[in-house]
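Worksheet: one structure, shown below.
The values are calculated or read from the model by the stated rules, or taken from the named source; none is laboratory data. In this text the structure is predicted, and so the values were computed from the model without any measurement. Glycine gets a Cβ as well: all are built from the backbone with ideal geometry, and neighbour counts include every protein chain shown.
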Amino acid sequence: MKKTILVIDDDDLLRNSLAKGLRSESFAVITAESAEIATEILTRISVDAIVLDRMMVGMDGLTFLKKMRASGNQTPIIMLTALSGSENAIAGLSGGADDYLAKPFQLKELVLRLKNIMRQFENKFSAGRNVLPKGLAFSDNEFYINEKLLGLSIAEKELLKKLTFPVGNIVPATPMVAKRMREKLLSVLQNIEIITVRGKGYKLVIK
């Protein structure tokens, strides 16, 4: 399955060039010309990594990055910038970026860095989950039950990630999202419970 990359840049030439180059490297690519458009896209689509320009008209990349992390979205992000100086790299990394790449750069370097941050995310997520319920697996940013893809919405998938990273987390969520995800899981897995923690959220418990 191809990894999906979201490229966010208000420079049409660079955005289209990056999309073309990444597609030639066998990635699926979605583009957004602003942070505002990217925010809307991410409510509908789950991606494996994001290439984010720092300097954009409207919401800048650093603000977008901080809002994403504050919402709990941990999708790997490489921030691009034409700004020089270590303080700019530090600001991006401190804001939650997984890597930082100064312009100009070679496509090959971007591809290697993308593969690296996606691999690190997979390893971190796997290590942080502790022990998943028997039959439930996570791979390529998707959940599977007994090797069959579990059909979750974006909101349901993000909730399940948080509940299993690590197992035992108490996670706030809207009752409707939690209800739908609970029904999908419990219809095929009998070794778990998703309990309500009054005033705090939800918690996954392995029986």
Do you know which residues across the stretch 2-45 are in a helix (DSSP H, G or I) and among the β-branched types (Val, Ile, Thr)? Ile37, Thr39, Ile41
Going by what's in this entry, would Lys200 be described as loosely packed, with under 13 Cβ neighbours inside 10 Å, within 17 Å of Leu136 (Cβ to Cβ) and basic (Lys, Arg)? no
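Which residues, counting only those in the stretch 52-64, are assigned to a helix (DSSP H, G or I) and crowded, with 22+ Cβ neighbours inside 10 Å?
The answer is Gly61, Leu62, Phe64.
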Filter the stretch 26-51 for residues that are crowded, with 16+ Cβ neighbours inside 10 Å and charged (D, E, K, R); which is nearest to Glu142 (Cα to Cα)? Asp48
Working only within the stretch 65-95, note down all residues that are in a helix (DSSP H, G or I) and either modelled with pLDDT under 80 or not hydrophobic (A, V, I, L, M, F, W, C) (or both). Lys66, Lys67, Arg69, Ser86, Glu87, Asn88, Ala89, Ile90, Ala91, Gly92, Leu93, Ser94
